[in-house]
Amino acid sequence: MSSLQRRRGVPAKIFRTVERIDGRGNKVLVADMEHPIEVRCALIPQRSSKAEVPGQQQINITRMIVDAELPDVTLWSRVDCLGRHWDVVTPPAYHHGTRKTRHWSIDIRERP
């Protein structure tokens with residue numbers, strides 16, 4: 001059971017973080033693009049700025065609220081939501097409460 005805001009929210013795919021071995025034999029953290037976790041989430045716009053001068057970059061940051069049962073989501077994870085690709089920009093924050101209200105909040109930034 002989840003809050004009404006998350007139950008009727010926006011569908012999203014979260015690509016959790018996994019450890020892989022790179023070409024040099026080092027352990028690296030990457031987003032697992034082959035096995036997404038499909039969730040419903042609430043989105044709260046945080047801040048944005050448009051690129052008005054050539055060379056500037058548009059910034060669009062949104063807070064994503066998802067159910068508490070979400071394993072292995074870190075700064076290396078990625079999100080597909082609203083037809084766009086997003087990066088996780090802050091470590092996910094766990095908010096404990098009743099079964100209906102406990103959740104993770106994750107700040108995500110739209111990829112340029």
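The values are calculated or read from the model by the stated rules, or taken from the named source; none is laboratory data. Keep in mind it's a predicted model, so treat the numbers as computed, not measured. Cβ placement follows ideal geometry from the backbone for every residue including glycine, while neighbour counts extend to all protein chains displayed. These accessible areas exclude ligands, DNA and RNA; they are computed on the full protein's heavy atoms, side chains included. Shrake-Rupley method; radii C 1.70, N 1.55, O 1.52, S 1.80 Å.
For this structure, a couple of remarks:
- Complete set of residues in region 89-112 that are assigned to a strand (DSSP E or B) and over 15 Å from Ile44 (Cβ atoms): Tyr94
- The set of residues in region 55-112 being under 15 Å from Gly9 (Cα atoms) and of a type in the set (S, T, N, Q) consists of Thr62, Thr101, Ser105.
- Candidate set: region 61-112, residues that are touching a helix residue (DSSP H, G or I) at 6+ places or on another chain (Cβ under 8 Å) and within 15 Å of Glu38 (Cα to Cα); chosen: the one most open to solvent (accessible area, probe 1.4 Å): Asp67
- Pair list, Cβ < 6 Å and 6+ apart or interchain, from region 58-74 residues that are at positive phi and assigned to a strand (DSSP E or B) to residues that are hydroxyl-bearing (Ser, Thr, Tyr) and modelled with pLDDT under 85: none
- Of all residues in region 1-48 being charged (D, E, K, R), surrounded by 13 or more Cβ atoms within 10 Å (Cβ to Cβ) and more than 16 Å from Arg84 (Cβ to Cβ), the one that is modelled with the lowest pLDDT: Arg6
- Within region 49-57, one or more residues are in contact with a Pro (Cβ under 7 Å, 6 or more places away or on another chain), modelled with pLDDT under 90 and either surrounded by 12 or more Cβ atoms within 10 Å (Cβ to Cβ) or part of a loop (DSSP other than H, G, I, E, B) (or both).
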